[in-house]
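Here is the structure we will look at, set down as structure tokens.
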Amino acid sequence: MAAHRCCFPVWLFILCSFSLFIIAGSQETTVAPEQHASVLDNPQTAAETAEQTAGESGGVEERRWEGTEVRDAAAQKQAEPAVLQPTPQPKDDFQEELVVRPLHSGDIYASFQFRTLWETDFMRGNKVSHYRLFPKSLGQVISKFSVRELHISFTQGYWRTMQWGQPYLPSPPGAELWVWFQDSVTDVDATWKELTNVLSGIFCASLNFIDSTNTVQPSASFKPLGIGNVTDHRFLRYATLPREIVCTENLTPWKKLLPCGSKAGLAVLLKSEKLFHSSFHSQAVHIRPVCQDWQCKTTSWELRQTLNVVFDLHNSGQGKREWSLFKMFSRTLTEACPLASSSKIYIDITDNPEGEQFELSPATSLLSQAMVLGDRRTFSVYDLTQQDTFGSVRSLNLLIRWKSTEGDMLRPLLHAERYVAGYGLQTGEIHTLMYNHHPYRSFPVLLLDSVPWYLRLYIHTLTVTSKGKDNKPSYIHYQPSKDRVRPHLLEMLVQLPPNSVTEVTVQFERALLKWTEYTPDPNHGFYVGSSVISSLVPSTVAMDTNSTRERPLFSSFFPCKEESSYFVRVYTEPLLVNLPTPDFSMPYNVICLTCTVVAVGYGSLYNLLTRSFQIEEPSPGLAKRIANVIRKMRGFPGTMG
Amino acid sequence: FTLSIYLSIYLSIYLSIYLSVCLSDSAGQFFSSGHTNNWAVLVCTSRFWFNYRHVANTLSVYRSVKRLGIPDSHIVLMLADDMACNHRNPKPATVFSHKNMELNVYGDDVEVDYRGYEVTVENFLRVLTGRLPPSTPRSKRLLSDDRSNILIYLTGHGGNGFLKFQDSEEISNVELADAFEQMWQKRRYNELLFIIDTCQGASMYERFYSPNLMALASSQVGEDSLSHQPDLAIGVHLMDRYTFYLLEFLEDIHPASKANMNDLFKVCPKSQCVSTPGHRTDLFLRDPGSVLITDFFGSVRKVEITTEAIDLTDPIKEVEERPANGDVHKEMHSYVDQLPVSEIIHQKPKQKDWHPPDGFILGLWTLILLVFFQTYGVKHLRHIF
């Protein structure tokens, strides 16, 4: 009986605990598939759309349905019973893309673009706490510092425009940072300083060297690339560090910002040993608000991570005009990033319509056309979200084999170069040459020069000449430097006549630095950042002005306002200027010299003054001394005189 | 009666739980080393390509501590020059410690916190003492506390009582000792292991006076530290002898290994190093034989097991991310013209201060004169002049 009575409450207890477990378990199970579903959300829809595009395309024109389809599918998902998604999560989307442009010089240009779009609002005191594809570190930076736009690039090497054509995304050697702040920011300079410090931590770079001596506020260049109606340049800051080194430590945090890291998708190709063994390497992060839909009433945040690299024919290619993914990156592709809604490789085959220049394998039937840099280009497209792209070997290794070495690249319409002239260590002259190669059209360029204070520009010697005649700029903005406070800023709007060279010269004087202001290696010289040339270059074909239409990522960075021209930014070489350097061993020499003077001069004088002179008895000769010694030995005391 | 039985059953259950809690607390020697976190400050102070070996020294220690579990967020790595992507490096993005490119100590996921011109005596001392500007990011800070074991490794060119930074400045052994004392007073470390690989390295730890410091050096006062082996393809010496054998020693250490500091003191005897490695333990309170290598080079986490059940089933309240004013801002946005030529040309230069227009001042004078003549007339002018 007792046992029976004892059993009953035990059973009750077990029952209670079981029911508790079940409740807990059921809550767990309801949470788990929700997360799972949200993760899988995009790949599913992506796969659907991929199938659709595969069905629709096949001809020359590849149609793009992704944008609308993805949105509809996502909307349907959300319309489903709200058990799975209690609160509507802000939608986000990730795309990855690789463009390969075989260059006539035998080199090869590869450009990666990764875009994360997020329909959220960081502004107006919104606390964004749940991140999915968008990196949290950057999201926090945006909301903490009220950043409207942020563009940062790290580049090693100089882009050779005349050999390689225009890059899809230009960047100057070293590090470049430009930021538009929201108009709610009261102390822009302090926010900028803090922001650079934080970014230096995120990207493992010496961006904390950005201070007032290398920051400028351009008045006409660097308009915002995202949407927005306010362009008060008080909220813009621009700075370059031309000497910034770029290496693996910068690539590591950059890769960590990607949703798939370097584990899957195109990012597996990013091996530092290959990427830095190249003629040109540039990696960048661009954050800006963009239109959510065609109406453009709400904004999304766009994070665009780009990486451009040019492999040298002789250095990386062993002199053979034959390239493959494996040869370039020492990896092949096996899958797309599962979080990406689109994952594509584009190969530029415009100069090779019939395959007479180079051979591409495996062959693809998918073609695409895009307006890039004022030209209509044709691309072979490999869609990584489809399994048949990888073939039976389950891996994709693109092979480009050149057949002929003939053929010319289309000459870029605009390019620029810069150098320092003069001799000696007192004065010099900066020459900037801007070439307009268009046979009959002139176009405007906006030149921005930011020169450190230790080169004192003689602004009265500024001349702008083209074709031997004075070319008067229609807009000049010059802000003189202040020693150790701010740099020179010179902005000029110049019309470049057709088929001409326009030369801008200005003389300068080299300042003397204080001895603590020199770098540890002053003999190396001091860098002056690249000039920035922004221009509206006439286009040969009508450009696409519809900013909301789906386009390949590489052709949709700069918004296009008119059909007849396209916007391009060109950077010149940075300058390396020698400053008069003192002899740093001078203090040591002075000490040595002083010691010598003291020891020899003063010492001997002191010696003469303090010594008491007395007549010394002449010392006995050698024979007498020996005789004395003998005498001592024999026991006679005393010495002989 | 039945009630008492239930009570006794419940009591016995609670008692057994309580006992098990007590038992887990009694594992005292489990926390004997007294530290809960590990930090490392690894510094190469030499610039220029021919000092490749100093960067390789630092990176090999970095590789070891990272392999043994100290995360990048707890390592402050300072490299005074960029050897990996130097233009003279025949294999970019690599730094090798062994001949024939056998071991790449640079790795594929390195994070350098201070590099180039940032490596200065001032920054080094600021990192140690924690007196950094407020906006310095976390990765550039030594956020240690009184439960931290810190490994400090320095390499470069030094002399009797000083270490050169970038060929342009020096840190003296007195400054270094004072910095450690400041760290101790600010409770920034529990125990500190100091290793230096320079010429006359032992002179750098002579002046230490703070407790819980252990120091090792590659050479005695009056001795040079020598480099280990040149590589013909890279063209420079790859590593210094002391750190080379230190790396070989550390490569055999794994997180669970029981090697202690006495083993570390035996690294690189004079027959291998040519110089005489030195060590100093008089400031250290524990017996070096009881200090594991992983107390400083690794981050072996002590895990405390709790037997209390923590209820995690409470649903976390979702913060409403979208306020209701989502429909308020509905004006049409548009992209900005990148080069608005006419706008730029007609851009007004910014006016500095407001000043009255020129006509106004002229008018004012006219008014004054008019009032004057109205009141006095012309004939009174002679009274004035």
In the stretch A:598-636, residues that are basic (Lys, Arg) and surrounded by fewer than 10 Cβ atoms within 10 Å (Cβ to Cβ) total 2
Of the conditions (1) aromatic (Phe, Trp, Tyr); (2) part of a loop (DSSP other than H, G, I, E, B); (3) more than 30 Å from A:Phe508 (Cβ to Cβ), the single one that A:Tyr423 does not satisfy is (3)
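How about the stretch A:210-249: which of its residues are basic (Lys, Arg), in contact with a strand residue (DSSP E or B) (Cβ under 7 Å, 6 or more places away or on another chain) and within 10 Å of chain B (Cβ to nearest Cβ)?
If the condition is that a residue be basic (Lys, Arg), in contact with a strand residue (DSSP E or B) (Cβ under 7 Å, 6 or more places away or on another chain) and within 10 Å of chain B (Cβ to nearest Cβ), then A:Arg243 is the only one that fits.
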Residues of the stretch A:134-166 being open to solvent by 10 Å² or more (accessible area, probe 1.4 Å) and under 16 Å from A:Gln305 (Cβ atoms), in sequence order, are A:Pro135, A:Lys136, A:Ser137
When (1) in contact (Cβ under 8 Å) with a residue 60 or more places away in the chain; (2) within 10 Å of chain B (Cβ to nearest Cβ) are applied to A:Lys297, the one that fails is (1)
Scanning the stretch A:325-346 for residues that are surrounded by 21 or more Cβ atoms within 10 Å (Cβ to Cβ) and hydroxyl-bearing (Ser, Thr, Tyr), the one nearest to A:Ser392 (Cα to Cα) turns out to be A:Ser343
Return a yes/no flag: does the stretch B:151-162 have any residue that is under 18 Å from B:His279 (Cα atoms) and touching a Cys at 6+ places or on another chain (Cβ under 6 Å).
yes
Among (1) under 17 Å from the mean Cα position of the chain (by Cα); (2) under 14 Å from B:Ala40 (Cβ atoms); (3) not aliphatic (A, V, I, L, M), B:Gly130 falls short only on (2)
The lone condition A:Val445 fails out of (1) touching a residue at least 60 places away in the same chain (Cβ under 8 Å); (2) part of a loop (DSSP other than H, G, I, E, B) is (2)
Only one of B:Arg131, B:Arg126 is away from every other protein chain (no Cβ under 11 Å), without any contact (Cβ under 8 Å) to a residue 12 or more places away in the chain and crowded, with 16+ Cβ neighbours inside 10 Å, namely B:Arg126
Counting only residues that are touching a strand residue (DSSP E or B) at 6+ places or on another chain (Cβ under 9 Å) and either under 15 Å from B:Leu143 (Cα atoms) or open to solvent by 30 Å² or more (accessible area, probe 1.4 Å) (or both), the stretch B:181-198 contains a total of 7
Within the stretch A:200-209, of all residues that are closer than 22 Å to A:Tyr527 by Cα and facing chain B (nearest Cβ under 9 Å), the one most open to solvent (accessible area, probe 1.4 Å) is A:Phe209
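Just checking, which of B:Ser168, B:Ser218, B:Ser172 is hydroxyl-bearing (Ser, Thr, Tyr) and touching a residue at least 24 places away in the same chain (Cβ under 8 Å)?
Values: B:Ser168 fails: touching a residue at least 24 places away in the same chain (Cβ under 8 Å); B:Ser172 fails: touching a residue at least 24 places away in the same chain (Cβ under 8 Å).
Exactly one of B:Ser168, B:Ser218, B:Ser172 is hydroxyl-bearing (Ser, Thr, Tyr) and touching a residue at least 24 places away in the same chain (Cβ under 8 Å), namely B:Ser218.
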Apart from one, (1) at pLDDT 90 or above; (2) open to solvent by less than 60 Å² (accessible area, probe 1.4 Å) all hold for B:Arg67; the odd one out is (2)
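Can you tell me how many residues within the stretch A:415-467 are among the charged types (D, E, K, R), over 20 Å from A:Gly165 (Cα atoms) and surrounded by fewer than 19 Cβ atoms within 10 Å (Cβ to Cβ)?
3
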Test: A:Lys274 is more than 22 Å from A:His488 (Cβ to Cβ), charged (D, E, K, R), in contact with a helix residue (DSSP H, G or I) (Cβ under 6 Å, 6 or more places away or on another chain) and in contact (Cβ under 8 Å) with a residue 12 or more places away in the chain
yes
May I ask you to verify whether A:Leu307 is modelled with pLDDT under 90 and either assigned to a strand (DSSP E or B) or open to solvent by less than 20 Å² (accessible area, probe 1.4 Å) (or both)?
no
Subset of the stretch A:233-289, residues part of a strand (DSSP E or B), of a type in the set (S, T, N, Q) and open to solvent by less than 20 Å² (accessible area, probe 1.4 Å), comes to A:Ser282, A:Gln283
In the stretch A:331-390, residues that are within 30 Å of A:Leu536 (Cβ to Cβ) and among the β-branched types (Val, Ile, Thr) total 6
Taking the stretch A:347-396 and keeping residues among the polar types (S, T, N, Q), under 23 Å from A:Phe558 (Cβ atoms) and open to solvent by 10 Å² or more (accessible area, probe 1.4 Å) leaves A:Thr350, A:Gln369, A:Thr378
Being crowded, with 21+ Cβ neighbours inside 10 Å and either within 11 Å of the chain's Cα centre (by Cα) or within 14 Å of another protein chain (Cβ to nearest Cβ) (or both) narrows B:Leu142, B:Leu154 down to just B:Leu142
Discussion item. Among the residues of the stretch B:135-147, are any under 24 Å from A:Thr196 (Cα atoms) and acidic (Asp, Glu)?
Written reply: no
| task | Look at B:Glu343 and say whether it is open to solvent by 70 Å² or more (accessible area, probe 1.4 Å), within 14 Å of chain A (Cβ to nearest Cβ) and modelled with pLDDT under 65. | result | no
Notebook entry, point to check: Would it be correct to say that A:Lys223 is part of a helix (DSSP H, G or I) and not β-branched (Val, Ile, Thr)?
Noted result: no
| said: Any residue that is under 21 Å from B:Leu250 (Cβ atoms), at the interface with chain A (Cβ under 9 Å from one of its Cβ atoms) and at pLDDT 90 or above - is there at least one of those in the stretch B:37-56? | reply: no
Q | Any hit, the stretch B:103-110, residues being of a type in the set (A, V, I, L, M, F, W, C), farther than 23 Å from A:His281 by Cα and part of a loop (DSSP other than H, G, I, E, B) | A | yes
Filtering strands (runs of 3 or more DSSP E) wholly in the stretch A:108-210 for at least 1 residues that are polar (S, T, N, Q) gives A:108-118, A:147-156
Scanning the stretch A:249-269 residue by residue, those under 15 Å from the mean Cα position of the chain (by Cα) and without any contact (Cβ under 8 Å) to a residue 24 or more places away in the chain turn out to be A:Lys255
Taking the stated definitions as given, is B:Ser172 open to solvent by 20 Å² or more (accessible area, probe 1.4 Å), within 14 Å of chain A (Cβ to nearest Cβ) and polar (S, T, N, Q)? no
Residue pairs qualifying under the 8 Å Cβ cut-off, at least six apart or on distinct chains, with the first in the stretch B:85-112 being more than 7 Å from every other protein chain (Cβ to nearest Cβ) and touching a residue at least 60 places away in the same chain (Cβ under 8 Å) and the second being open to solvent by less than 30 Å² (accessible area, probe 1.4 Å) and of a type in the set (D, E, K, R), are B:Phe96/B:Asp231; B:Lys99/B:Asp231; B:Asn100/B:Asp231; B:Met101/B:Asp231
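The values are calculated or read from the model by the stated rules, or taken from the named source; none is laboratory data. For clarity, every value in this text was computed on a predicted model and none was experimentally measured. Note that each Cβ is placed from the backbone with ideal geometry, even for glycine, and that neighbours are counted across all protein chains shown. When the accessible area is computed, the model is the full protein with side chains, heavy atoms only, and any ligands, DNA or RNA have been set aside. Shrake-Rupley method; radii C 1.70, N 1.55, O 1.52, S 1.80 Å.
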